[in-house]
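J.: Here you go, one structure.
Each value in this text was obtained by applying a stated rule to the coordinates, not by laboratory testing. Please read all numbers here as calculations on a predicted model, not as lab measurements. Heads up, the Cβs are rebuilt from the backbone with ideal geometry, glycines too, and the neighbour counts pull from every protein chain shown.
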Amino acid sequence: MPPLTGEQAGELAAALDPAWDLGEGELRRTLRLRDFNAALGLAVRIGLIAEDQGHHPDLDVGWGRLGIRLTTHAIGGLSTNDFVMAAKIDRLLARGLGLREDGSAVPGSSGPSA
């Protein structure tokens, strides 16, 4: 299967949260959280979804930050699976993890809990 064309990727990206950055052959998003534990907890939840889907993002966990990068290595670019995974991450975030719309933590929130 060849990677999606730029036009195809753009159409699929339009259905995602606008915080996703459509780059050359990948989708990227960085979330700001209240601390390392919140970032790690969210990474674990995303990891559980990824394992269930058999499609694994690159996750970069730091203090108060979680970077997410989706690409399909086997085809050297984006596939529909990357957009499905991004949509599942969007739904996880929409379930209320103590995050503001810009991805930063709400003061006093308990962080990710799903």
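J.: As an exercise: evaluate residue 58 against (1) on the phi < 0 side of the Ramachandran plot; (2) over 15 Å from the mean Cα position of the chain (by Cα) and give the number of the one condition it does not meet.
T.: (2)
J.: Separate question: Can you tell me which residues in segment 65-74 are surrounded by 15 or more Cβ atoms within 10 Å (Cβ to Cβ) and among the hydrophobic types (A, V, I, L, M, F, W, C)? Spell out how you get there, then give the answer.
T.: Pass one, segment 65-74, residues surrounded by 15 or more Cβ atoms within 10 Å (Cβ to Cβ): 65-72.
Correct list: 66, 68, 70.
J.: Another question, if that's okay. I'm trying to understand the selection: among the residues of segment 65-97, which are among the β-branched types (Val, Ile, Thr) and in a helix (DSSP H, G or I)?
T.: Taking segment 65-97 and keeping what is among the β-branched types (Val, Ile, Thr), we get 68, 71-72, 75, 80, 84, 89.
Once the filter is applied, which keeps residues that are among the β-branched types (Val, Ile, Thr) and in a helix (DSSP H, G or I), segment 65-97 yields 80, 84, 89.
J.: Right, here's the next one. Enumerate the strands (runs of 3 or more DSSP E) found wholly within segment 1-64, keeping only those where 1 or more residues are loosely packed, with under 14 Cβ neighbours inside 10 Å and touching a helix residue (DSSP H, G or I) at 6+ places or on another chain (Cβ under 7 Å). Working first, answer last.
T.: On the way: elements: 21-23, 26-32, 58-62.
Because the criterion is at least 1 residues that are loosely packed, with under 14 Cβ neighbours inside 10 Å and touching a helix residue (DSSP H, G or I) at 6+ places or on another chain (Cβ under 7 Å), the strands (runs of 3 or more DSSP E) in segment 1-64 that meet it are 58-62.
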